[in-house]
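Undergrad: Dumping the structure here so I can ask a few things about it.
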Amino acid sequence: MKNSILIPTDFSENAWVATNYAAELANKFNFDLHILHVYQTFGKILGTAEFNEVVAKHNEDAAFSEMDKWEHKVKTKYPQLQISFACMEGNLTDTVLKVAEENHVAFIVMGTKGEGGFKGYVLGSNTFELIQHSPIGVIAVPQDYKEFKFQKVGILTNFKNQELELLDSFINRTSPGLELILLHVTENGRNIDTENILFWQDRIVKQMGINSIEYRSKEMINRIDINEPIPYIINQMIAEEGIDILLVTYTRKSFFASLFSKDLAKTIANGLSIPTYFLKN
């Protein structure tokens, strides 16, 4: 079965940015697209059965009406792609994961701040919840993302095996012909031995067939007169290296989780600057 990309949409501008990114990705790697809107009727606690039925019907009609407009908009811009559209009632995360499982989905692509998200959170509560629960990688696309690029791949690394699993899952869905840059943040002058870096690079080449690998590191400065938090340093490296997509493994004990404290969404409130592929380990 042909691989596909699933794009949950709430018809917001952020969802449109994510849809454009997914369409370009689908065009590059010959994926199908599934665009899904999940709505809730909210009919259980509102009042009489008759009133609840009216509200449920209104919400359902509104969802399908908006999806008709969305379908026309997407098909007009991307007539060459194979795209399906669906509206489903239910819980967003549960419904998205069920559809992904049933449709051979390679990636879930979402905007970083939809209408249902908390405005103070860059990721949005819906995207963050999917990252936490999805066995399929989630690509979060920044709301101000414009020009599609997909050649230089950066991966946050602390030289752990789960990072190899992250990279393997990504390469299997895309191409080993991409350029890979290992990004490492050091603290208190604790640099990684050069031999360990070369060993890690050689392991990636042999295991995944990637030939273009570079290593970059920056030290986190944390003094009273200088404050360079981790997200700032990561975005600085992304800009300096011209990275197109960032790969991040997410577990409660992962390098990424430890850097960003207990609440990922709050801590990266300054915003990731490029599309970022999260994979739950």
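The values are calculated or read from the model by the stated rules, or taken from the named source; none is laboratory data. Since the model is a prediction, treat every value here as computed from it, not as a measurement. We place every Cβ from the backbone using ideal geometry, glycine too, and count neighbours over all the protein chains shown. We work out accessible area using only protein heavy atoms, side chains counted, and drop any ligands, DNA or RNA first. Shrake-Rupley method; radii C 1.70, N 1.55, O 1.52, S 1.80 Å.
For (1) of a type in the set (A, V, I, L, M, F, W, C); (2) free of Cβ contacts under 8 Å to residues at least 24 places away in the same chain; (3) open to solvent by less than 30 Å² (accessible area, probe 1.4 Å), each residue gets a yes or a no:
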{"site": "13", "(1), (2), (3)": "no, no, no"}
{"site": "24", "(1), (2), (3)": "no, no, no"}
{"site": "50", "(1), (2), (3)": "no, yes, no"}
{"site": "78", "(1), (2), (3)": "no, no, yes"}
{"site": "83", "(1), (2), (3)": "yes, no, yes"}
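Undergrad: Condition first: in contact with a strand residue (DSSP E or B) (Cβ under 7 Å, 6 or more places away or on another chain) and at pLDDT below 70. Now tell me which residues in the range 192-229 satisfy that.
TA: 228
Undergrad: A further question follows. Out of the residues in the range 156-179 that are touching a Ser or Thr at 6+ places or on another chain (Cβ under 7 Å) and touching a residue at least 60 places away in the same chain (Cβ under 8 Å), which is farthest from residue 247 (Cα to Cα)? Break it down stepwise before answering.
TA: Taking the range 156-179 first, the residues touching a Ser or Thr at 6+ places or on another chain (Cβ under 7 Å) are 162-163, 166, 179.
Within this subset, residues satisfying the condition of being touching a residue at least 60 places away in the same chain (Cβ under 8 Å) are 162-163, 166.
Working: 162: 12, 163: 9, 166: 7 Å.
For the range 156-179, the residue satisfying everything is 162.
Undergrad: Please give the number of the condition residue 108 fails out of (1) farther than 18 Å from residue 35 by Cα; (2) modelled with pLDDT of 90 or more.
TA: (1)
Undergrad: Looking at the range 36-49, is at least one residue within 15 Å of residue 85 (Cα to Cα) and of a type in the set (Ser, Thr, Tyr)? Break it down stepwise before answering.
TA: Step one: list which residues in the range 36-49 are within 15 Å of residue 85 (Cα to Cα), which gives 36-39.
Now restrict to residues that are of a type in the set (Ser, Thr, Tyr): 39.
For the range 36-49, residues within 15 Å of residue 85 (Cα to Cα) and of a type in the set (Ser, Thr, Tyr): present.
Undergrad: Would you point out which residue out of 113, 119 is crowded, with 16+ Cβ neighbours inside 10 Å, at pLDDT below 90 and of a type in the set (D, E, K, R)? Walk me through how you get there before you give the answer.
TA: Numbers: 119 fails: crowded, with 16+ Cβ neighbours inside 10 Å.
Result: 113 is the single residue among 113, 119 that is crowded, with 16+ Cβ neighbours inside 10 Å, at pLDDT below 90 and of a type in the set (D, E, K, R).
Undergrad: I would also like to ask the following. I'm checking my understanding of the structure. Among residues of the range 198-210 that are at negative phi and touching a residue at least 24 places away in the same chain (Cβ under 8 Å), which one is surrounded by the most Cβ atoms within 10 Å (Cβ to Cβ)? Spell out how you get there, then give the answer.
TA: Step one: of the range 198-210, the residues at negative phi are 198-208, 210.
Pick out the ones that are also touching a residue at least 24 places away in the same chain (Cβ under 8 Å) and you get 200, 203-204, 207-208, 210.
Working: 200: 19, 203: 12, 204: 23, 207: 12, 208: 17, 210: 19.
Of everything passing the filter in the range 198-210, 204 is surrounded by the most Cβ atoms within 10 Å (Cβ to Cβ).
Undergrad: Right, another one. Which one is nearest to residue 106 (Cα to Cα), of the residues in the range 177-188 that are at pLDDT 90 or above and surrounded by 15 or more Cβ atoms within 10 Å (Cβ to Cβ)? Explain how you work it out, then say what you get.
TA: From the range 177-188, those at pLDDT 90 or above are 177-183; that's our starting set.
Going one step further and asking which of them are surrounded by 15 or more Cβ atoms within 10 Å (Cβ to Cβ), we end up with 178-183.
Numbers: 178: 17, 179: 20, 180: 20, 181: 22, 182: 23, 183: 24 Å.
Among residues in the range 177-188 that are at pLDDT 90 or above and surrounded by 15 or more Cβ atoms within 10 Å (Cβ to Cβ), the one nearest to residue 106 (Cα to Cα) is 178.
Undergrad: What is the one condition in (1) modelled with pLDDT under 95; (2) within 24 Å of residue 137 (Cβ to Cβ) that residue 45 does not satisfy?
TA: Of (1) modelled with pLDDT under 95; (2) within 24 Å of residue 137 (Cβ to Cβ), only one is false for residue 45: (2).
Undergrad: Provide a single number: the residues in the range 127-170 that are outside any helix (DSSP H, G or I), within 17 Å of residue 214 (Cα to Cα) and of a type in the set (Asp, Glu).
TA: The total comes to 0.
Undergrad: Scan 2, 28 and give me the residue that is assigned to a loop (DSSP other than H, G, I, E, B), open to solvent by 50 Å² or more (accessible area, probe 1.4 Å), within 30 Å of residue 275 (Cα to Cα) and out of contact with any Gly (no Cβ under 8 Å at 6 or more places or on another chain).
TA: Details: 28 fails: assigned to a loop (DSSP other than H, G, I, E, B).
Selected residue: 2, the only one of 2, 28 that is assigned to a loop (DSSP other than H, G, I, E, B), open to solvent by 50 Å² or more (accessible area, probe 1.4 Å), within 30 Å of residue 275 (Cα to Cα) and out of contact with any Gly (no Cβ under 8 Å at 6 or more places or on another chain).
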